[in-house]
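A.B. asks: What follows is a structure written as structure tokens; I'll ask about it next.
The values are calculated or read from the model by the stated rules, or taken from the named source; none is laboratory data. Everything quoted here is computed from the prediction, not taken from an experiment. In this analysis, Cβ positions are derived from the backbone assuming ideal geometry, glycine residues included, and neighbour counts consider all displayed protein chains.
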Amino acid sequence: MKLVCSQTELNTALQLVSRAVASRPTHPVLANVLLTADAGTDRLSLTGFDLSLGIQTSLPASVDTSGAVTLPARLFGEIVSRLSSDSPITLATDDTSEQVELTSLSGSYQMRGMPADDFPDLPLVENGTAIKLDPAALVRALRSTLFASSSDEAKQLLTGVHLRFDQTRLEAASTDGHRLAVLSVDDALKDAIAADDSAEADESAALAVTLPARSLREVERLMAGWKGNDPVSLFFERGQVVVLAADQMVTSRTLEGTYPNYRQLIPESFSRTIGLDRRAFVASLERIAVLADQHNNVVRISSDPSKGLIQISADAQDVGSGSESLPAQIEGDEVQIAFNVRYVLDGLKAMDGDRIVLSCNAPTTPAILSPEDDGSGLTYLVMPVQIRS
């Protein structure tokens, strides 16, 4: 294998695929990235794969001799990132071993690789369902829900985001048991789908799948930096999903099991609503959070309909307390309700728009945060914290 490529493009590609390299590999080759040079297309392909998440990308290169080799991801990445961006990089391997020589204006480096044949193949979906998605819709759905997924590996299914495709509509949902984020995007799919049994069948013949949040964060990162408007392709087959965008690919296993029926958690009506300026509410909560973080993260929100104000307060035992007032559009009786301040802030920061509505029925029942102009399709449910008077 012999090729010449740009330091900048190689460094960017390495940073991307290294996110799928195992930190504690079960086999030595899983600590490596796979490099495949093709003289026919003049491209260098890079792949990282930890048996659960796979990322593949490619870059233009002047390829003299085709070939493939795997190199230690961390060492290779650190060397390339420190080389001068003004000089192209030459990569060459000899025919008898996996020794790779990397040459730049700065000097030359030798690295011991491992055979490409030892590297596991990325899963390919050949017979499953294919979906074409609007990239902006996919990014919006992921940004609005990923933060609410669980980090507790014991709740395996909740560490993912549930994606549901119905005709041309995409619905994304995530919950960690204390909060729930749901976003619906109409016309997210380029073509209406008819589900088959390649993914878990849902009511009204929709297609539904739950994917690990870790995999979807990489998809979101990939999409956010993607310049094109061409649709993103998703391929489903039992236990596996492949996301294709231009010359980049993310593969992920699915999370098996029946995702909770989250729709039944959302109250149909509310006896109390509080309309607030979103940015002012966020700023006030962040100041109060300085005290709330000292004790148990709990903030209290009290409404006063007669004055058109809400009071936000925190009491950190033996440390101090604080409170602020904000003007609000209040409907219904006064209420005092408490939340984990971090959960509320996470939801507010995932929303756009100038104003939000906090809706609730009682201090112990689920509360909903949503943008006032409900065109965004985002619903964020938070369970209150029970407070002792």
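A.B. asks: Kindly provide the set of residues from the stretch 150-162 that are under 12 Å from L216 (Cα atoms) and surrounded by fewer than 24 Cβ atoms within 10 Å (Cβ to Cβ), ordered by number.
C.D. replies: Answer for the stretch 150-162, where residues must be under 12 Å from L216 (Cα atoms) and surrounded by fewer than 24 Cβ atoms within 10 Å (Cβ to Cβ): just T159.
A.B. asks: Out of (1) of a type in the set (F, W, Y); (2) at pLDDT 90 or above; (3) surrounded by fewer than 21 Cβ atoms within 10 Å (Cβ to Cβ), what's the single condition that is false for W226?
C.D. replies: Failing condition for W226: (2).
A.B. asks: Just to be sure, is D152 assigned to a loop (DSSP other than H, G, I, E, B), closer than 17 Å to L207 by Cβ, of a type outside the set (S, T, Y) and in contact (Cβ under 8 Å) with a residue 24 or more places away in the chain?
C.D. replies: So D152 does not fit the description; no.
A.B. asks: Separate question: Confirm whether R140 is part of a strand (DSSP E or B), in the same structural domain as S252 (by TED's automatic domain parsing), on the phi < 0 side of the Ramachandran plot and of a type in the set (D, E, K, R).
C.D. replies: So R140 fails the test.
A.B. asks: Do the conditions hold for D187, that is, is it surrounded by fewer than 16 Cβ atoms within 10 Å (Cβ to Cβ) and not hydrophobic (A, V, I, L, M, F, W, C)?
C.D. replies: yes
A.B. asks: Quickly run through the stretch 267-287 and pick out the residues that are of a type in the set (F, W, Y) and either in a strand (DSSP E or B) or closer than 13 Å to C360 by Cβ (or both).
C.D. replies: Listed by number, the list holds a single entry, F270.
A.B. asks: Among the candidates S84, S97, S52, single out the residue that is under 16 Å from M1 (Cβ atoms), among the polar types (S, T, N, Q), touching a strand residue (DSSP E or B) at 6+ places or on another chain (Cβ under 9 Å) and at pLDDT below 95.
C.D. replies: The unique qualifying residue is S97.
A.B. asks: Is it the case that the stretch 123-137 has a residue that's surrounded by 14 or more Cβ atoms within 10 Å (Cβ to Cβ) and under 26 Å from S23 (Cβ atoms)?
C.D. replies: Scanning the stretch 123-137, I find at least one residue that is surrounded by 14 or more Cβ atoms within 10 Å (Cβ to Cβ) and under 26 Å from S23 (Cβ atoms), so the answer is yes.
A.B. asks: Next question, about the same structure. T145: over 28 Å from D42 (Cα atoms) and modelled with pLDDT of 95 or more, yes or no?
C.D. replies: Taking the combined requirement at face value, the residue satisfies it.
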